[in-house]
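Shown next, in structure tokens, is the structure this report addresses.
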């Protein structure tokens, strides 16, 4: 797996200059493949490494996996067997397994929000019979992933709506991979498939309207209601009331006993009911809501990080920093800087 190696690439970074002015070069010296660092474990199926901050990566190869990098902002040059090219952020860069090598040279403005290792067995599915004339139909996401990796310049520049959706998918995958609750690989596979299809459509010039890239709370609620019977709806209503109460109380830590009392349940029953319905504990869900609200404040207000931490019930800024980084893979200050709309 790649990891930032800023010290090893400091000379290259200092001379990087304006990346967009870099043109593909045919004078790249091919390194000795046998001497390159190889990353990857053949027993793995998926790995995700959030926020590779401001670092360059020497030439290396991947052992059996495709690597997907998401670059949020900044300047970087990718060197690989076909030459070198500058990244136009926000973008996705895809590199296939060995023997293809690549090297990434970044300047100090560059931020990677993730590096994702995707092994083919995560995406490959049984053959699906489809009409031959349906050229746009794909039986799995592995085919477009390979096509993206085999481009002469494997970089997909993203329009802002697509970039925002990709960032949300990355956040979801990081959380699923860290918690590893039952079914987490299914959710990760679904997310990585969506990410690949977004990248594939963007590369094909199919820019999807933002409303299609997200599900509104209203439509999601309507869909959920259609799936349940009366007993299920009654159970959902209690959980929904708890969530409504959580959203109304984002400025402090609320004990489970308070929520349970308001629903006329024992605390143990409430925790079990909520966890079964939502997939995570009430404490963790409420923490996530508070962190999401804090993230909005980071982007949309001028409040200091310590003020925002206090506003959402974190008594110590260090605790807020630690929890925020767990969920978003980034410090609050870095998240604020790279998620605000930058002047063009």
Take the residues in the range 32-55 that are surrounded by 14 or more Cβ atoms within 10 Å (Cβ to Cβ) and modelled with pLDDT under 80; name whichever of them is nearest to the chain's Cα centre (by Cα).
50
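For the range 304-336, which positions are modelled with pLDDT of 85 or more and outside any helix (DSSP H, G or I)?
Within the range 304-336, 304, 312, 313, 314, 315, 316 qualify.
Just give me the residues in the range 243-255 being over 15 Å from residue 313 (Cβ atoms) and surrounded by 15 or more Cβ atoms within 10 Å (Cβ to Cβ), in sequence order.
243
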Can you pull out the residues in the range 147-158 that are part of a loop (DSSP other than H, G, I, E, B) and in contact with a helix residue (DSSP H, G or I) (Cβ under 7 Å, 6 or more places away or on another chain)?
154, 158
If you scan the range 266-289, which residues turn out to be modelled with pLDDT of 90 or more and farther than 22 Å from residue 323 by Cα?
266, 267, 268, 269, 270
Restricting the range 143-157 to residues that are within 20 Å of residue 86 (Cα to Cα) and under 20 Å from the mean Cα position of the chain (by Cα), the one surrounded by the most Cβ atoms within 10 Å (Cβ to Cβ) turns out to be 156
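The rows are residues; the columns are (1) in contact (Cβ under 8 Å) with a residue 24 or more places away in the chain; (2) part of a helix (DSSP H, G or I); (3) in contact with a helix residue (DSSP H, G or I) (Cβ under 6 Å, 6 or more places away or on another chain).
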position	(1), (2), (3)
243	yes, yes, no
250	yes, no, yes
258	no, yes, no
269	no, yes, no
275	no, yes, no
288	yes, yes, no
292	no, yes, no
295	yes, yes, no
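The values are calculated or read from the model by the stated rules, or taken from the named source; none is laboratory data. Every value quoted in this text rests on a predicted model; they were computed, and no experiment measured them. Don't worry about glycine lacking a Cβ; one is built from the backbone with ideal geometry, like all the others, and counts go over all protein chains shown.
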